[in-house]
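To start, the structure itself, in structure tokens.
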Amino acid sequence: MASSSSSSVEDCSLEWLPLEGNGDKRVPATLVSVKQLQAAHRRAERQVGAKHATTLHHMLHWLWEAVRVQETIESAVQLRDLYRAQCACEQVGAMHADALRTRYLQAWLMVLERRFDEARKELRELYAAQRRRLGALHADTLRTLCLVTAVIIFGDLDYKTARRLVDRLERTVRDLFGEQCTLFADVAYYAGCVAEHERSFGEARSLFSLSMAVYSRLCGDAHPATWRCRLRMASMAFQEENTAVADSL
């Protein structure tokens with residue numbers, strides 16, 4: 001399949017573009033610039049119109065790159081408009097994989113902005129729709145379940161439930177896609193957060209280190225996810241030092 005940053009309208013698959021794909025083992029995502037993807041979107045607009053399914057697909061691709069890969073949070077209005085257009089488009093509709101990915105991006109923004117109540121409701125509906133449309137083991141469905149884990153950890157502070165979920169996700173994602181993909185890096189990061197809360201610092205350090213290595217390779221050292229792992233490891237080292245001091249008193 002041709003890369004969307006240089007493809008014509010005709011060679012863009014509506015049903016599946018890797019985006020962050022089946023585990024995402026492609027070259028570092030940030031090497032594909034948002035400007036390149038926006039240019040592809042504008043070409044589609046000129047050729048087939050703003051509301052055509054292919055144009056909406058290109059719009060999703062650059063928004064995915066901006067929101068999920070580069071973690072910009074200024075795209076909420078564009079995501080809302082895109083989802084409305086997808087639902088109104090006869091070739092797409094609310095249950096198309098692209099429309100479901102747009103909903104995922106909206107939920108991702110909610111989690112980034114710590115709007116956990118909204119995210120919880122959206123993710124519950126999205127996960128049910130993806131299971132029906134894509135199946136329980138599709139990468140998109142598992143990515144949504146991973147985001148559910150984030151809400152459970154940071155919104156509900158329910159680490160027992162999170163532990164059961166990340167253990168299951170870790171096994172499933174490893175078996176399906178291996179460890180060298182961003183989906184596994186996401187799971188490993190959340191598993192590390194649970195282990196850190198349980199004060200299993202050795203396990204947490206191993207998970208954060210694994211997650212950071214994958215993010216660094218696929219997304220670059222400057223990526224926010226890479227830095228999150230680094231900060232977690234630094235914070236944990238501080239906790240361990242304080243624990244050692246407390247134990248000696």
Quick one: in region 63-88, of everything that is open to solvent by less than 60 Å² (accessible area, probe 1.4 Å) and not in a helix (DSSP H, G or I), which residue is modelled with the highest pLDDT?
Ser75
Given the residues Thr172, Thr182, Thr149, which is the only one that is surrounded by 14 or more Cβ atoms within 10 Å (Cβ to Cβ), under 17 Å from the mean Cα position of the chain (by Cα) and in contact (Cβ under 8 Å) with a residue 60 or more places away in the chain?
Thr182
Condition check: over 18 Å from the mean Cα position of the chain (by Cα), among the hydrophobic types (A, V, I, L, M, F, W, C) and part of a helix (DSSP H, G or I). Does Ala99 satisfy that?
no
Residue hits (region 152-169; open to solvent by 50 Å² or more (accessible area, probe 1.4 Å), farther than 20 Å from Met236 by Cβ and free of Cβ contacts under 8 Å to residues at least 24 places away in the same chain) are Asp158, Lys160, Arg164, Arg168
Please tell me if Ala44 is touching a residue at least 24 places away in the same chain (Cβ under 8 Å) and touching a Cys at 6+ places or on another chain (Cβ under 7 Å).
no
Condition met for Val111 (open to solvent by less than 50 Å² (accessible area, probe 1.4 Å), under 25 Å from Gln38 (Cβ atoms) and at pLDDT below 95)
yes
Within the bounds of region 121-131, is there any residue that is in contact with a Phe, Trp or Tyr (Cβ under 8 Å, 6 or more places away or on another chain) and modelled with pLDDT of 95 or more?
yes
Quick test for you: out of Thr141, Thr243, Thr149, pick the one residue that is among the hydroxyl-bearing types (Ser, Thr, Tyr) and at pLDDT 95 or above.
Thr149
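The values are calculated or read from the model by the stated rules, or taken from the named source; none is laboratory data. Please read these numbers as outputs of a predicted model, since none were measured by experiment. All Cβ positions, glycine included, derive from the backbone under ideal geometry; neighbour counts span all protein chains shown. Note: areas computed on protein heavy atoms with side chains; ligands, DNA, RNA excluded. Shrake-Rupley method; radii C 1.70, N 1.55, O 1.52, S 1.80 Å.
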